[in-house]
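The next block holds one structure in the form of structure tokens; read it before the comments.
What follows draws every value from the coordinates through simple rules; no lab data is involved. From a predicted model like this one, the values you see are computed outputs, not experimental measurements. Cβ placement follows ideal geometry from the backbone for every residue including glycine, while neighbour counts extend to all protein chains displayed.
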Amino acid sequence: MATVNQVDFKTPEFPADKRTAPLATLGQHLPHSTNKMVEYIKSIDAKWWKYILVMSDVALILLACILAYFVRYNLQWFRVVDPASEIAFSAYLPVAMALAAICVVAYRLSNVYPYKRTRGLFEQTYDIATATTASIMMVITISLFFRPLLNSRLIFLYIAIFITVILGFSRLAILLTLNRLRRYGVAVERTVLVGAGDVGRMVMRNIAAQPELGYQLIGFLDDNPHKGHTDIGRFRALGEIDNLESLLATQNIQRVIICLPWQSHRTAQRLLRVCNQAGVFAQVVPDLFHLTRNQMQVEQLNGIPLISTNSATIQGWNLFLKRVTDIVLTLSGAVLCLPLAILIAIAIRLDSPGPVIYIQTRIGRNGRPFRCFKFRSMVSQADQLRRHISDLNEATGPLFKVRDDPRLTRVGRFLRRYSLDELPQFINVLLGDMSLVGPRPNLPSEVDQYEEWHKKRLSASPGITGLWQVSGRSDLTFDEMVLLDIYYVENWSLLLDLSIILRSIPAVLRAKGAY
């Protein structure tokens, strides 16, 4: 039986993303002033941050009210104010202060407070907007008893807009600041996962895809002899579940996420008690057939939750929308890249003998093979030479990757560095074999070595780019690529596609993890 002392607790990280760099090394090469600031922030008791947030919101709400007053009575947008109806600022200020107090209460009831790292920017802004609207409606109702305020209702519209915009930007600033601070080990939580089954891997891929949440996953525990002793990418296997108690006592764990099947509910209860006694925050992920939010619809029958399931694959209207977007963006991109493609073709011809286009069989959606087009970046006998350099393989799992592959041509090395060899895959997108964004297309020999959970990535069309490319490219392990691909499949949206496309541009220009 493995014990905690037998495990190397090297912090897992995605090397291309500094946000998840090992915390043991963070801060060692920081400027002195930055180091002092980080240490000062760390010294502030966590409970004070919620009060600081509320006080800053109150100040921003008052600022929004002042701006609304200025726009209404000084700039007089949309409607001129009758001087006889103008309200003195001294009479308006108490109303603004009352609104700020009501908003704070409404925000608490609407879950704007406390601040939660798992809530996205749009979700937070929406909650702020709805709670602000409700607060203003209450103030308007109260103002019916005060005649002067009846002369201007337009100011309340300005107040609602300014509060939503200003607090929305404040939440954006908080997100950006937290992302920055997490590079220095601030606002991160050392987390352990209990259970490495389907539910546990679902949590892992969400953590891998969203490093901005600040979960520093130390590793996972599982009683299955294979799972509990086999790393998944850089997520460390820490042995059996019984190791949890000693783990909490020795490794400064701050959060435990329990992902056990329903048959192990007694074990889950015991683990919750262990965490409670150790003063460690614990959460349980319900074993609902490892469903994500996009796969569930919840109704209630007199308080009893009724859960129905949807397919997690991209199909129906979503598939049509994705296909139309692919065609429009691909045609636009192909026109812009055509001169560059011609220059690349000429350079390949002049650099080495062989065809300009390299055609290779890859596995697409639902396991269907297709012919994948790329600019040739290697010598023409590259496939035959592979067996002679098999000992140079640096990749994990079924992948074959060599950082300084001797088979690369001079032009090919440049093309690989900036992913220009993939431009002909625009043809695959137009043919319907690929998408602009999707899982990494694998070779048949690689797919033959898939574990069962890897196969879920085949439920979507492979992409020219994807979460794997903007999160580290070839620097990622195979399991990490699969975790990110499955996260993409389960959480697809048009907004996610557009976000990945925009993130791909700097990722390609930086050329990190490209080989």
Heads up, segment 316-510 by the C-alpha gyration tensor (a ≥ b ≥ c square roots of eigenvalues; a/c under 1.5 rounded, else a/b over b/c prolate, else oblate) looks oblate
Over segment 46-182, the quotient of the Cα radius of gyration and 2.2 N^0.38 Å is 1.12
Answer in debye to the nearest 20: the dipole magnitude of segment 316-510 about its Cα centre, from +1 Lys/Arg and -1 Asp/Glu charges placed on Cβ, is 500
In order over segment 234-239: 3J(HN,Hα) from phi, Karplus 6.51/-1.76/1.60, θ = phi - 60°, whole Hz, x for each Gly or Pro, gives 8, 7, 7, 7, 10, x
Distance in Å, no decimals, from the C-alpha centre of segment 332-403 to the one of segment 154-220 is 38
